[in-house]
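Here, each number is a calculation from the coordinates, and none is a lab measurement. Please read these numbers as outputs of a predicted model, since none were measured by experiment. Quick reminder, even Gly has a Cβ in these numbers, built from the backbone with ideal geometry, and neighbours come from all protein chains shown.
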Amino acid sequence: MAGQSVRLANKRYRRDFALTMVVYVVAVIGGAFFLKTFDTPPVWVSALVALASSIPVIFVFVLMGRLLRETDEYTRLRQTEVLLLAGGITLSLCVTWGFLEMAEIVPHITSFWAGPLFFFLMGMVQLGRSLVEKKEIET
Amino acid sequence: MKLLRAERGLSQAKLAELLDVSRQSVIAIETGKYDPSLPLAFKIARVFETSIEKIFEDTENASEAAE
């Protein structure tokens, strides 16, 4: 039972995040099926399908920004740390991989994977934290 | 803060509700993992009807004085 506005902010974030993910899944799966209806899809159609899939992902960052503004100061600090940690590790790995790729030491990986890696790391950081905090919560 | 909360029979969840923060925030403040901002510290003081100094110790100043 958190404070009213903080609770509402978290609820709003979870609801909108779930809706955005539904849109994302529909865009990815629907887009793939739609492209299959063409022998060779025109470039603009492929571009449209690609953008339709990426827009929900971009919107997740808008939701995160809104949550940071609306939540309490401690949660804001924690979320910022999670974002920094996940973002920092993701970009470090991408930059390192990119240089190794340019030196022809490692194979090419599409930049798309930076997104899933970032969200996976965010989840891992939050999971690790919640496990630690669980021990501290009074019974 | 934990003592004051216990004296008033408030749960962490209830205090979080009164302060309009998450329960994790209350836990973090009570365990000394997080120092609240001045506005939140004033809010806490208002809830407990006391002064900030009676809730939070100036640990930095206290350790300097001890030296």
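For segment A:45-139, the square roots of the Cα gyration tensor eigenvalues, ordered a ≥ b ≥ c, give a/c of at least 1.5 with a/b no greater than b/c, which places it in the oblate category.
Which of the GluC sites (Glu not before Pro) found in segment A:91-139 are in a DSSP loop and have at most 14 neighbouring Cβ atoms, other than their own, within 10 Å? Present the calculation step by step, with values, prior to reporting the outcome.
Details: sites: A:E101, A:E104, A:E133, A:E136, A:E138; in loops: A:E104, A:E138.
Answer in residue order: A:E104, A:E138.
If you take the Cα atoms of the protein assembly as shown, find Rg, then find the Kirkwood Rh from the mean of 1/r over all pairs, what is Rg/Rh?
Numbers: Rg = 23.3 Å, Rh = 20.7 Å.
Rg divided by Rh gives 1.12.
Annotation: amide H of A:D72 within the under-5 Å range of B:S22, sequence separation 5 or more or interchain, hydrogens built in the peptide plane.
Note on chain B: Kirkwood hydrodynamic radius from all Cα pairs is 12.4 Å, rounded to one decimal.
For segment A:36-139, the list of chymotrypsin sites (Phe, Trp or Tyr not before Pro) that fall in a loop by DSSP and count at most 13 other C-beta atoms within 10 angstrom reads A:F38. Residues in segment A:28-33 carry Karplus couplings, in order, of 5, 5, x, x, 5, 5 Hz; the curve used is 6.51 cos²θ - 1.76 cosθ + 1.60 with θ = phi - 60°, and Gly or Pro positions show x.
For segment B:21-35 versus segment A:6-81, the spacing of their alpha-carbon centroids is 31 Å. Residues of segment B:1-35 falling in the label zone of B:E57, defined by backbone nitrogen less than 19 Å from a point 7 Å along Cα to beta-carbon, are B:1-7, B:27-35. Once the chain from A:V43 to A:D16 is taken as fully extended at 0.36 nm per residue, the excess over their C-alpha distance is 6.6 nm.
Cβ-Cβ distance of A:T110 and A:V23, R₀ of 30 Å, FRET efficiency by 1/(1 + (r/R0)^6): the value works out to about 0.85. For segment A:1-107, the gyration tensor built on C-alpha atoms gives an oblate shape. Its axis ratio a/c (a ≥ b ≥ c) is at least 1.5, and a/b is not larger than b/c.
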